[in-house]
Amino acid sequence: MMTFQMKPDDLLRLQTKPVITCLKTFLISYSLIFWFTGVILLGVGVWGKVTLEPFLSLVSEETTNAPYVLIGTGAIIVIFGLFGCFATCRGSPWMLKLYAMFLMVVFLAELVAGVSGFIFRHEIKAKLGDAFEKAVMSYNSTDGGTSHAVDTVQMTLHCCGIKNYMDWNVTEHFKQKGIPASCCKVSTNCSPETLKDLDKAKSEVYQPGCFSLVTNTMESNLGIIAGISFGIAFFQVIGIFLACCLSRYITNNQYEMV
């Protein structure tokens with residue numbers, strides 16, 4: 001009667017194959033989630049371009065690149081998320097190492113950005129407040145640039161002035177033309193006479209201040225924002241660990257997915 005003896009190498013492959021299959025399953029799931037975060041960043045970038053860019057541009061008095069950075073970052077993450085899925089299915093060690101390196105770069109960038117934003121949050125808030133106050137004080141309805149940005153912010157966020165509509169009382173524009181028409185809830189209800197009278201304008205213009213509206217929302221959700229930011233950053237560590245482990249297993253056991 002013939003007996004079959006399994007070679008040590010064959011036995012080792014049978015033992016490691018389920019481990020590699022399990023790692024591949026987890027890494028593909030991770031890559032799909034990573035890809036989805038890229039889609040979210042793309043959406044946030046487009047939303048910021050459409051709605052918040054005028055407010056952000058007040059800091060530098062020119063078009064801000066922040067929405068484009070989000071869009072570009074989201075696009076890169078989408079591409080590398082798909083690359084991670086392909087590298088995992090292919091079982092290529094060098095592709096997996098490249099994927100792990102990219103995840104490490106993303107992790108470090110997110111960590112530095114998160115820490116910097118948290119440390120310098122008061123400076124950023126002060127700079128933004130000074131810029132918006134300067135834009136309000138120098139507002140001219142016939143001028144573009146920051147004046148147009150102020151109008152866009154007030155109409156988009158349904159706000160008026162820095163803290164409230166009373167801030168316009170000390171501007172040169174108010175002395176000549178009153179509160180800007182961009183503060184009006186319904187433009188047809190705001191006559192020039194109404195805009196020049198604070199008592200009459202009170203019921204016709206937006207009550208919340210633009211700067212206070214944005215900063216209060218940010219401060220009230222600062223803990224949540226920080227938690228999500230650091231959570232997303234450390235989420236990359238899982239992908240780095242999975243990619244490195246899978247690459248090592250494939251290299252050591254010379255395993256290839258057919």
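Here are a few things to note about the model shown:
- Within the range 148-212, helices (runs of 4 or more DSSP H) holding 1 or more residues that are modelled with pLDDT of 85 or more and closer than 17 Å to residue 133 by Cα: 172-176
- Residue count for the range 180-193, restricted to those that are touching a Gly at 6+ places or on another chain (Cβ under 8 Å) and either in contact (Cβ under 8 Å) with a residue 24 or more places away in the chain or open to solvent by less than 50 Å² (accessible area, probe 1.4 Å) (or both): 1
- Positions within the range 75-102 being more than 25 Å from the chain's Cα centre (by Cα) and part of a helix (DSSP H, G or I), in sequence order: 86, 87, 88, 89, 90, 93, 94, 95, 96, 97
- Checked against (1) open to solvent by 70 Å² or more (accessible area, probe 1.4 Å); (2) under 31 Å from the mean Cα position of the chain (by Cα), residue 164 passes all but a single condition, namely (1).
- Selected residue [modelled with pLDDT of 80 or more and part of a helix (DSSP H, G or I)] from 55, 36: 36
- Residue within the range 124-132 that is farther than 16 Å from residue 215 by Cβ, assigned to a helix (DSSP H, G or I) and open to solvent by 30 Å² or more (accessible area, probe 1.4 Å) present: no
- Counting only residues that are at pLDDT below 75 and of a type in the set (A, V, I, L, M), the range 224-250 holds 6 of them.
- Of all the listed residues (221, 253, 216), the sole one being touching a helix residue (DSSP H, G or I) at 6+ places or on another chain (Cβ under 6 Å), surrounded by fewer than 17 Cβ atoms within 10 Å (Cβ to Cβ) and at pLDDT below 80 is 253.
For every residue, the table says whether it meets (1) under 17 Å from residue 151 (Cα atoms); (2) not aliphatic (A, V, I, L, M).
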residue	(1), (2)
179	yes, no
189	no, yes
194	no, yes
203	no, yes
210	yes, yes
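The values are calculated or read from the model by the stated rules, or taken from the named source; none is laboratory data. Computed from a predicted model, the values in this text were never measured in an experiment. As a convention, Cβ positions derive from the backbone with ideal geometry for all residues, glycine included, and neighbour counts pool all protein chains shown. Please note that ligands, DNA and RNA were not included when accessible areas were found on the heavy atoms of the full protein model with its side chains. Shrake-Rupley method; radii C 1.70, N 1.55, O 1.52, S 1.80 Å.
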